[in-house]
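A.B. asks: There's a structure below that I have some questions on.
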Amino acid sequence: MPDPTDPPSAPGAGAAAAAHRAPRPGSLAAVGTTAAPSWLSERLESGEHPDAVRAFRMAREQFIDGERIDMGRLAGRLGIDRTSLFRWVGNRDALLSEVLWSLAVPTLQQAEDAAAGRTGPDRVAAVLTSFASDLIRAPYFRAFLRREPARALRLLTTNESEIHRRYVATVRVLVLAELGEHPFDRAIDANDLAFVLVRVSESFTYADLISGDTPSAARARAAFDVVLRPGASS
């Protein structure tokens, strides 16, 4: 997730602002909510719930500013009670998940664009490495991880979370495009390879929360290369 305070000439500048817009049709960033929609994502995308959109945008602004999204405080800023807010956007986890994904969308878009011209395993690794690097460097995202580590891991990495399922679905589309349905002489299918790659990505992106280690996009890239070139050392 690029830093929204980056100057215009910096890589990724404007990506946070781009989160206000729908992803480019046909891009990797467009896969997520189609593959794993939620009640709230459907409300936000339908155009029929302006109150939900208003609450969501305010919550996202708070998140980017490094603030904890507090439902009571958010309701107060909106001039409504908590009951109305929950009716508009669901519970706090649901709102946080959509805020997090909305910021992942332009980050995925940027990662895909940065890998233009690459093909095959190299493109897969390049997209995933760029995405991991931006997550590791985004100050507001790291602030969230430090502030709520248990909730962050649950919302970002468990099989039940929309974010994790959207990320796996996105990587599956990338794998299918570059390596086909059964990569490496049918040694593995695209679904399983996508799951493995996402787990590698998560392991190095959230290393500080998982193992107390330092997050590293470079180490993630090395691991991606091993997974994506299984015959290279033989």
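Nothing in this text is a laboratory measurement; each read-out follows from the coordinates by a stated rule. In this text, all values refer to a predicted model and were calculated from it rather than measured experimentally. Counting neighbours? That spans all protein chains shown, and the Cβs are built from the backbone with ideal geometry, glycine included.
A.B. asks: Given (1) 61, 44, 34; (2) 64, 36, 35; (3) 52, 47, 30, which label gives Cα extents along the principal axes in Å as computed from the coordinates?
C.D. replies: (2)
A.B. asks: Per-residue HN-Hα couplings for region 198-203, Karplus 6.51 cos²θ - 1.76 cosθ + 1.60 at θ = phi - 60°, whole Hz, x for Gly and Pro?
C.D. replies: 5, 5, 4, 4, 5, 4
A.B. asks: Counting other beta carbons within 10 Å of each residue's own, what order do Tyr140, Tyr167 fall into, fewest first?
C.D. replies: With the fewest neighbours first, Tyr140, Tyr167 line up as Tyr140, Tyr167.
A.B. asks: Using Cα atoms only, what is the angle between the long axis of helix 120-137 and the major principal axis of the chain, expressed in degrees (0 to 90) to the nearest 10?
C.D. replies: Approximately 40 degrees, to the nearest 10.
A.B. asks: Over the Cα atoms of region 16-79, each weighted equally, I'd like the Debye log10 I(q)/I(0) at q = 0.14, 0.17, 0.30 Å⁻¹, rounded to two decimals.
C.D. replies: Rounded to two decimals, the profile gives -0.49, -0.71, -1.29.
A.B. asks: If I model a spin label as a point 7 Å beyond the Cα along the Cα-Cβ vector, how far apart are those points for Ser84 and Met71 in nm?
C.D. replies: Placing both labels 7 Å beyond Cα along the Cβ direction yields 1.6 nm.
A.B. asks: In whole Hz and in residue order, list the ³J(HN,Hα) couplings for region 73-90 that follow from phi through the Karplus curve 6.51 cos²θ - 1.76 cosθ + 1.60, θ = phi - 60°; x for Gly and Pro.
C.D. replies: After applying 6.51 cos²θ - 1.76 cosθ + 1.60, I find 5, 4, 4, x, 5, 7, x, 10, 8, 4, 4, 5, 4, 5, 5, 6, 10, x Hz.
A.B. asks: Still on this structure, please answer the following. Using only the Cα atoms of region 95-228, each taken as one equal point scatterer with no solvent, compute I(q) by the Debye sum, divide by I(0), and report log10 of the ratio at q = 0.09, 0.11, 0.12, 0.19 Å⁻¹.
C.D. replies: Cα-only, vacuum Debye calculation for region 95-228: -0.24, -0.36, -0.43, -1.11.
A.B. asks: Provide the descending list of Cα extents for region 82-171 along its principal axes, expressed in whole angstroms.
C.D. replies: Ordered largest first, region 82-171 gives principal extents of 50, 24, 21 Å.
A.B. asks: Right, here's the next one. Could you state the angle between the C-alpha long axis of helix 92-114 and the longest principal axis of the C-alpha atoms of the chain, as a value from 0 to 90 degrees rounded to the nearest 10?
C.D. replies: Approximately 40 degrees, to the nearest 10.
A.B. asks: I'd like the Karplus ³J(HN,Hα) series for region 215-229: coefficients 6.51, -1.76, 1.60, θ = phi - 60°, whole numbers in Hz, and an x wherever there's a Gly or Pro.
C.D. replies: Those phi angles translate into x, 8, 6, 5, 5, 4, 4, 4, 5, 4, 4, 5, 5, 8, 10 Hz.
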